[in-house]
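Presented below is the structure to which this report refers.
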Amino acid sequence: MQYVSNTRSLDTNVSSPPRELTMAERRVAPLFGEQRKTSKQIEGEIKFLNECDKSFPNRDEASAFFAARAWEYVQEGQLDTAAYRFNLAYLLDEKNVDAFWGLGVICYQKNDWEKAEQMLRRGATLAPDNVPLIVDLATVELGHFANNNEAEDLAESYRLLTRAASLDTTYAQTFANLALAEYHRSDFPAAWEALHKARKLNFSAVDFQFVELMKAKMPDPQQFFK
């Protein structure tokens, strides 16, 4: 079952073609910038793939290796290095979910909201039941809503989070984010309920600044947060 919404409105504004990226820019742009490949780029990719064919049992394993290294670079804050490794993982396996997921996370950390959503949605198409990925996509939608206050973004985040909650009742971040979505929907009892589910699953998921915002709207029905 595919959960990514097909009802979102699309930007139909006609814009000028993007500037052709340099080789250095392509290395760190999501999916190498998705521009027409130069002969030098093709030559380099063929050499890389041949080297991987000699070093790994198959390209799927090679792709998983580069994706794993990329996540390590994300944790270290080396986002450009991580992006290049995720791009290589994609080059080896165009269906590697981690490649899209990781590039989406990097774009999100760089405040490129539109590209983050694009990458995460493409990953979600390949892995529609991956709850942490769904929640990351919902996080981007909530960020969109915080920036532009468009009801469509809030509705989409809520839909994603309720689906994630139906798939896995043990992932704390789902309910922490769902509490925020319910808060923006002005359903404060539901927000408190979701927040308490999150803190029972993993107390570190609780954002205490958000708790104060909640208390200002409605006292904690369970009187846990006083």
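The values are calculated or read from the model by the stated rules, or taken from the named source; none is laboratory data. The model shown is predicted, which means the values in this text are computed figures rather than measured ones. Neighbour counts are summed over all protein chains in view; Cβ atoms, including those assigned to glycine, are modelled from backbone coordinates with ideal geometry. Side chains included, ligands, DNA and RNA excluded: accessible areas come from the protein's heavy atoms. Shrake-Rupley method; radii C 1.70, N 1.55, O 1.52, S 1.80 Å.
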Could you pull out the GluC sites (Glu not before Pro) across the stretch 56-141 that fall in loop regions by DSSP (anything but H, G, I, E, B) with no more than 11 other Cβ atoms inside 10 Å? Glu76
In the full protein assembly as shown, how much of Arg163 is accessible to a 1.4 Å probe, in Å² to the nearest 10? 40 Å²
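Give the calculated FRET efficiency between Thr38 and Gln78 to the nearest 0.05, with a Förster radius of 25 Å applied to their Cβ-Cβ distance.
Rounded to the nearest 0.05, the efficiency is 0.45.
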Where only protein heavy atoms count, and the probe is 1.4 Å, what is the accessible area per residue for the stretch 39-116 in Å²? 55 Å²
Please give the contour-minus-distance gain from Glu212 to Thr169: 0.36 nm per residue of separation, less the Cα-Cα distance, rounded to one decimal in nm. 13.0 nm
So if R0 is 41 Å, what FRET efficiency would Glu94 and Ser204 give, r being the distance between their Cβ atoms, rounded to the nearest 0.05? 0.70
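From the Cα gyration tensor of the chain, with a ≥ b ≥ c the square roots of its eigenvalues, which class applies: rounded if a/c is under 1.5, or else prolate if a/b is larger than b/c, or else oblate?
prolate
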What's the extension gain from Arg19 to Glu114 if we count 0.36 nm per residue and subtract their Cα-Cα distance? 32.4 nm
Counting only protein heavy atoms and using a 1.4 Å probe, what share of the accessible area of the chain belongs to carbon plus sulfur, as a whole percent? 50 percent
Helix-only [θ]222 nm of the chain, DSSP H runs n ≥ 4, -39500 (n - 2.57) each, per residue, nearest 500: -22000 deg cm²/dmol
How many Å² of accessible area per residue for the stretch 161-226, probe 1.4 Å? 55 Å²
Any idea of Lys217's accessible area? Nearest 10 Å², probe 1.4 Å. 120 Å²
Compute the length gained on full extension between Glu51 and Ala151: take 0.36 nm times their separation in residues and subtract their Cα-Cα distance, giving the result in nm to one decimal. 31.1 nm
Filter the chymotrypsin sites (Phe, Trp or Tyr not before Pro) in the stretch 183-226 to those in DSSP coil with at most 14 other Cβ atoms within 10 Å of their Cβ, and list the result. Phe224
